[in-house]
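The values are calculated or read from the model by the stated rules, or taken from the named source; none is laboratory data. Keep in mind that this is a model prediction, so the values were computed, not measured. Backbone-built Cβ (ideal geometry, glycine too); neighbour counts: all protein chains shown.
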Amino acid sequence: MKKIYILLSVVLFLASCSPNPKTGDVQSEPKSNEPQKVLRHVVLFKFTDASTPADVKKVEDAFGALKGKINLIKDYEWGTNSSPENLNQGLTHCFFVTFHSDKDRDEYLVHPDHQAFVEVLKPYLDKVTVIDYWANK
């Protein structure tokens, strides 16, 4: 009986070390230096009625340029509302910025390049909504 227990233990140990059939890699725990969660910073804009398409494009381009200027930004995407539900309350643009920590987000908010962007935005902004959350999967 003892031999069966030892043999079973060895088989289970070897099975846990076997390569991943999809990648051929030995399975391992996630690296500790990789964040398990990310902080999402969601910004919604409504532009003034007087804003021209060129004005809006200037803001879109200035916001998009921040990823190349501020290395605290881990990911960035944006788009315009296309919902048929008409529940957007006039908000037309969604900007989605990803950070690895509250500290990174906080430093981003006071970063000189972000502050310069805010100055570009101000003349055209009618309404803004911001929400931050830790992403759950």
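Test D61 against the criterion of being touching a Pro at 6+ places or on another chain (Cβ under 8 Å), modelled with pLDDT of 95 or more, more than 24 Å from Y133 (Cα to Cα) and surrounded by 10 or more Cβ atoms within 10 Å (Cβ to Cβ), and give yes or no. No: the conditions fail for D61.
Residue-level analysis places V43 among those that are touching a Phe, Trp or Tyr at 6+ places or on another chain (Cβ under 9 Å), outside any loop (DSSP other than H, G, I, E, B) and buried (at least 16 other Cβ atoms within 10 Å of the Cβ).
Provide a single number: the residues in segment 64-87 that are farther than 16 Å from D113 by Cβ and exposed (fewer than 14 other Cβ atoms within 10 Å of the Cβ). Looking only at that region, the number is 10.
Looking across V38, V118, one residue alone is surrounded by 11 or more Cβ atoms within 10 Å (Cβ to Cβ) and either of a type in the set (G, A, S) or in contact with a Phe, Trp or Tyr (Cβ under 9 Å, 6 or more places away or on another chain) (or both). It is V38. Considering each residue of segment 63-82 in turn, none proves to be β-branched (V, I, T), part of a helix (DSSP H, G or I) and without any contact (Cβ under 8 Å) to a residue 40 or more places away in the chain. Might you check whether a residue that is in contact with a Gly (Cβ under 8 Å, 6 or more places away or on another chain), of a type in the set (S, T, Y) and in contact (Cβ under 8 Å) with a residue 12 or more places away in the chain occurs anywhere in segment 90-103? No, segment 90-103 contains no residue that is in contact with a Gly (Cβ under 8 Å, 6 or more places away or on another chain), of a type in the set (S, T, Y) and in contact (Cβ under 8 Å) with a residue 12 or more places away in the chain. Scanning segment 83-132 for residues that are among the acidic types (D, E) and part of a strand (DSSP E or B) returns D126, D132.
Condition check ((1) modelled with pLDDT under 95; (2) small (G, A, S); (3) farther than 19 Å from T129 by Cα; (4) touching a Lys or Arg at 6+ places or on another chain (Cβ under 8 Å)) across all residues:
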site: T23; (1), (2), (3), (4): yes, no, yes, no
site: P30; (1), (2), (3), (4): yes, no, yes, no
site: Q36; (1), (2), (3), (4): yes, no, yes, no
site: H41; (1), (2), (3), (4): no, no, no, yes
site: A54; (1), (2), (3), (4): no, yes, yes, no
site: I70; (1), (2), (3), (4): no, no, yes, no
site: T98; (1), (2), (3), (4): no, no, no, yes
site: Y108; (1), (2), (3), (4): no, no, no, no
